[in-house]
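Asker: I have a structure here, written as structure tokens, and I will follow up with some questions on it.
Every number in this text was worked out from the coordinates using simple rules, so none of it is lab data. Predicted model, so just to flag it, every value in this text is computed and none were measured. Cβ: placed from backbone, ideal geometry, glycine included. Neighbour counts: every protein chain shown.
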Amino acid sequence: MNDIFQINLKSVTKSFEGLDVPVLKNLNFHIKASEKVAIVGSSGSGKSTLLHIIAGLDSPSEGKVLFNNSDMSSLSDNNMAKLRNKHIGFIYQSHHLLNDFSSIENVMMPLIVRRGDYLNDFNQAKEVLKKLGLGKRLNHFPHQLSGGERQRVAIARAMVTAPDLILADEPTGNLDHKNANLIFDSFLELVDEFKTAIVLVTHDLSLAKRMKKNYHLASGKLKSN
Ligand SMILES: Nc1ncnc2c1ncn2[C@@H]1O[C@H](COP(=O)(O)OP(=O)(O)OP(=O)(O)O)[C@@H](O)[C@H]1O
Ligand SMILES: [Mg+2]
């Protein structure tokens, strides 16, 4: 955890070709070290778009995103990728695991691109998978795992670097309530252990309530709940 970590969205507007109104309109948002924020909103309201913009995976049509007071749009693609790898974890709405790689290889991926020591990377990935209850699934491939197990591998991959910020897009969205809660508990234990800030997008109000701040996204704007 980095105490000075913060991301600021200033008057962000996002339009897509073919849509008459912008998905996000003059939106302001701020997240800093260790904060816990939930965003709820109806399907199509722009929640995933907002997370992609916070992560620098997509850029605003207008307005800017500041990472520790520096404008993200001034970074080259390469430097943006490095910044993401160092500071931000992303759990996608559909898990996006690499099908030809085992659980442990999927989780090691963000460490491997740093070109560190393979054995250290392996042990670090194994540790996080064990904490998520997948110690016995290291060598299984995504198609050999249950939906909940795949989701846990995706969480492990996003958390393995102990990022400053985790962006979680419906991390337990496809699971029944009981399993969703169990997986969410171990996810939050990791978030607390690493003092990672979290922006959680969810339809589940009981999960949202476990975050300190709750926002509702509608008509391109965030409103405090
Ligand atoms: N790359 C794109 N090109 C064009 N339109 C897009 C693109 N990405 C998203 N949209 C549109 O922007 C709107 C918001 O999409 P987004 O995926 O952010 O919604 P969401 O709130 O995450 O919805 P859900 O709860 O269903 O995941 C939708 O109308 C969608 O069709
Ligand atoms: Mg979405």
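Asker: Given a Förster radius of 22 Å and the C-beta distance between Lys130 and Lys195 as r, what FRET efficiency does 1/(1 + (r/R0)^6) yield to the nearest 0.05?
Answerer: Plugging the Cβ-Cβ distance into 1/(1 + (r/R0)^6) gives 0.65.
Asker: 222 nm [θ] for the chain, helices only, -39500 (n - 2.57) per DSSP H run of 4+, per residue, to 500?
Answerer: -10500 deg cm²/dmol
Asker: Follow-up. Obtain the nm distance between the two label points defined at Ile112 and Lys64 by a simple spin-label model: each point lies 7 Å from its Cα along the Cα-to-C-beta direction.
Answerer: Result for the modelled spin labels: 3.7 nm.
Asker: Shifting gears a bit: Restricting to region 6-224, compute how many DSSP beta bridges are antiparallel as a %, nearest 5.
Answerer: Of the beta bridges lying entirely in region 6-224, close to 50 percent run antiparallel.
Asker: Using alpha carbons only, how many degrees (0 to 90, rounded to 10) separate the axis of helix 118-131 from the longest principal axis of the chain?
Answerer: 80 degrees
Asker: Would you compute, for the Cα atoms of the chain, the largest minus smallest coordinate along each principal axis and list the three values in descending order, in whole Å?
Answerer: For the chain, the Cα spread along each principal axis is 48, 39, 36 Å.
Asker: Order by neighbour count: His203, His87, fewest other Cβ atoms within 10 Å first, most last.
Answerer: Ordered by Cβ neighbours within 10 Å, fewest first: His203, His87.
Asker: If you don't mind, there's one more thing I want to ask. Exactly which GluC sites (Glu not before Pro) in region 1-105 are in a DSSP loop and have at most 12 other Cβ atoms within 10 Å?
Answerer: Loop-located and lightly packed - Glu17.
Asker: What is the fewest-to-most order of Arg152, Arg137 by other Cβ atoms lying within 10 Å of their Cβ?
Answerer: Ordered from fewest to most neighbouring Cβ atoms within 10 Å, Arg152, Arg137 come out as Arg137, Arg152.
Asker: Still on this structure, please answer the following. Could you tell me which of Val40, Ser11, Val65 has its Cα farthest along the dipole of region 4-78 towards the positive end, charges placed at Cβ (Lys, Arg +1; Asp, Glu -1), taken about the Cα centre?
Answerer: The residue sitting farthest along the positive end of the dipole is Val40.
Asker: In the chain, which longest range has no chymotrypsin sites (Phe, Trp or Tyr not before Pro) that are both DSSP loop (not H, G, I, E or B) and surrounded by at most 15 other Cβ atoms within 10 Å?
Answerer: Of all site-free stretches, the longest is 102-225.
Asker: Let me ask something else. When the Cα centres of region 43-118 and region 185-199 are compared, how far apart do they sit, in Å?
Answerer: Going from one Cα centre to the other spans 18 Å.
Asker: Simple spin-label model, 7 Å along Cα-to-Cβ: His177 to Leu205 in nm?
Answerer: Spacing of the two 7 Å Cα→Cβ label points: 1.2 nm.
Asker: Related question: Would you list which aspartates and glutamates come within 14 Å of Lys14, measuring only between C-alpha atoms, while excluding same-chain residues fewer than 8 positions from it?
Answerer: Leaving aside aspartates and glutamates fewer than 8 places away in the same chain, those within reach of Lys14 are Asp58, Glu62.
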